[in-house]
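Worksheet for the structure shown next.
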Amino acid sequence: MKGERREIFNSASVGADKCTFCKIAKGEFPSYIVFEDETYIAFLDINPFSRGHTLVCPKAHGETVWDMKEAEIGGLFLLAARVSRAVVEATGADGFRLLQNNGEAANQVVAHVHVHVIPVMMSHKGKPMDRIKFEGKEMEATSAAIRKALARA
Ligand code: 5GP
Ligand code: ZN
């Protein structure tokens, strides 16, 4: 029964009007976009774990996968898999992680559904990953390489 369902806690909850990823999806906030269609958008993470770390989102606001239209959930992960091929090709990575956090307990910080695509090198094996800061021109070059790889796919 719907009324008895357990809720997911997220202190970062915001309405669509104040949501950064909604603003990115609407083109009101800058980002390095690698893919966009009517339903989904993919852009570089501003504070990446590795070069090419990309976030794949539904454009419609919702905090967790439970808030998504069921018909769009499959497409989100399909796109993440497709983007991962382009990210790995563009970065020369040896592997990749797909990660999707739901709720604060799962370390979700931005309360708009997103799948992380994180390319990894053999040198990352067995080690915790730190965030890396890239210059704007490096982010632009990386996003351009991913867009190019996606166009070839
Ligand atoms: P979460 O922990 O919610 O799964 O991940 C949120 C991700 O969004 C983090 O990796 C963070 O670096 C990224 N992020 C937060 N704010 C922005 C932003 O304004 N633009 C972009 N491109 N990424 C962001
Ligand atoms: Zn949103």
Given H placed 1.01 Å from N in the peptide plane, which residues other than close sequence neighbours of Gly95 have an amide H under 5 Å from its amide H?
-> Val120
C-alpha center-to-center spacing [the stretch 73-124, the stretch 1-32] in angstrom = 18
Report relative contact order for the chain in percent, whole number only (criteria: Cα-Cα under 8 Å, sequence separation at least 6).
-> 30
Among the Cys residues of the chain, which have no other cysteine Cβ under 4.7 angstrom away?
-> Cys57
Sparse-neighbour loop sites [trypsin sites (Lys or Arg not before Pro); the stretch 11-120; at most 14 other C-beta within 10 Å; DSSP] | Lys26, Lys69
Taking only C-alpha pairs under 8 Å that are 6+ residues apart, what is the relative contact order of the stretch 94-146 in percent?
-> 35
Can you list, largest first and rounded to whole Å, the semi-axes you get for the chain by taking the square root of 5 times each eigenvalue of its Cα gyration tensor?
-> 26, 17, 15
Per-residue [θ]222 nm for the chain (sum of -39500 (n - 2.57) over DSSP H runs n ≥ 4, rounded to 500) = -9500 deg cm²/dmol
Heavy-atom SASA rank of Glu70, Glu4, Glu135, Glu140 (probe 1.4 Å, accessible area, largest first) = Glu70, Glu4, Glu135, Glu140
What does the accessible area per residue of the chain come to in Å², with a 1.4 Å probe and no ligands, DNA or RNA counted?
-> 60
For the chain, the longest principal axis of the Cα atoms and the Cα long axis of helix 136-152 enclose an angle in degrees, to the nearest 10, of 90
What's the carbon and sulfur percent of the chain's accessible surface, probe 1.4 angstrom, rounded to a whole number?
-> 55
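The values are calculated or read from the model by the stated rules, or taken from the named source; none is laboratory data. From a predicted model like this one, the values you see are computed outputs, not experimental measurements. Here the Cβ is made from the backbone with ideal geometry for all residues, glycine too, and neighbour counts use every protein chain on show. Side chains included, ligands, DNA and RNA excluded: accessible areas come from the protein's heavy atoms. Shrake-Rupley method; radii C 1.70, N 1.55, O 1.52, S 1.80 Å.
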